[in-house]
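Some notes on the structure that comes next.
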Amino acid sequence: MSLPRRAMDEMGLSVCCLMCDAPDDYGTKRCKVCIERHSIARKALFTDRASSPIQQLARKLASMLQNPGDHLADPINGPHMALYQEALSNHQGTSQAETTEDVERLFEEAKSKRKSSPIRDIANQNPWANRNPDRDEIERALEALDISEKAPEWWDELSDEIEAIEEIVEE
């Protein structure tokens with residue numbers, strides 16, 4: 001088994017590397033030839049419209065390799081897809097939860113991991129991003145906003161329209 005090469009992973013064919021019997025050395029001639037041939041085949045397969053049944057079958061098989069977990073119920077290829085899905089899951093470090101405790105542990109791990117987001121981390125300088133404001137902060141914010149008790153002129157008209165709609169609905 002070889003670790004997936006980036007080019008193969010980008011083509012959605014990392015499972016091919018995981019099933020390969022070549023030594024796990026980057027830049028070997030075998031890897032280069034395999035990547036080149038898969039790239040040519042994908043371009044030929046997905047550039048034009050599938051015009052024959054064999055091209056349609058080839059596209060279906062390629063999509064099965066890209067997402068083996070989506071095709072586990074396939075009566076013919078399902079067992080192979082299960083093998084590929086297991087290889088991908090093992091490589092990515094994911095495992096199936098077997099007990100309720102495992103499920104709860106996995107949920108807790110997922111909740112504790114915070115994904116980084118440059119927009120959220122840099123742009124959001126809100127002091128209350130991770131905590132609620134205390135009472136003093138709320139009072140200062142309300143004073144700064146200087147919220148007026150006066151309703152806009154159109155407010156009464158809007159209120160009358162809403163009441164009319166409610167009366168119609170009640171009838």
Checklist outcome for this item: The residues 19, 11, sorted from fewest to most surrounding Cβ atoms within 10 Å, come out as 19, 11
Checklist entry - Relative contact order, percent, of segment 6-95 when contacts are C-alpha pairs under 8 Å separated by at least 6 residues? => result 30
Checklist entry - P(r) tail for segment 37-98, what percent of Cα pairs lie past 20 Å? => result 40
Item to check | Within a Gaussian network of the chain (alpha carbon springs, distance under 10 Å), most fluctuating of 82, 144, 41 | outcome: 144
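Cα-based count: Lys pairs in the chain below 27 Å, eight or more positions apart or different chains?
4
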Checklist entry - Given (i) 28.9, 80; (ii) 19.0, 56; (iii) 25.2, 81 as candidate values of Rg and Dmax of the Cα atoms in Å, which corresponds to the one derived from the coordinates? => result (i)
Checklist outcome for this item: Per-residue ellipticity at 222 nm attributable to helices in the chain (runs of n ≥ 4 DSSP H, -39500 (n - 2.57) apiece, nearest 500 deg cm²/dmol) works out to -18000 deg cm²/dmol
Checklist entry - Can you give the charge dipole size of the chain about its Cα centre, rounded to the nearest 20 debye, using +1 on the beta carbon of Lys and Arg and -1 on the beta carbon of Asp and Glu? => result 2820
Item to check | Residue among 104, 157, 137 with the largest mean-square fluctuation in a Gaussian network model of the chain, springs linking Cα atoms under 10 Å | outcome: 157
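A short reminder: the numbers here are calculations on the coordinates, not readings from a lab. Values in this document were obtained by computation on a predicted structure and should not be read as measured data. Every residue, glycine among them, receives a Cβ derived from its backbone with ideal geometry; neighbour counts consider all protein chains shown.
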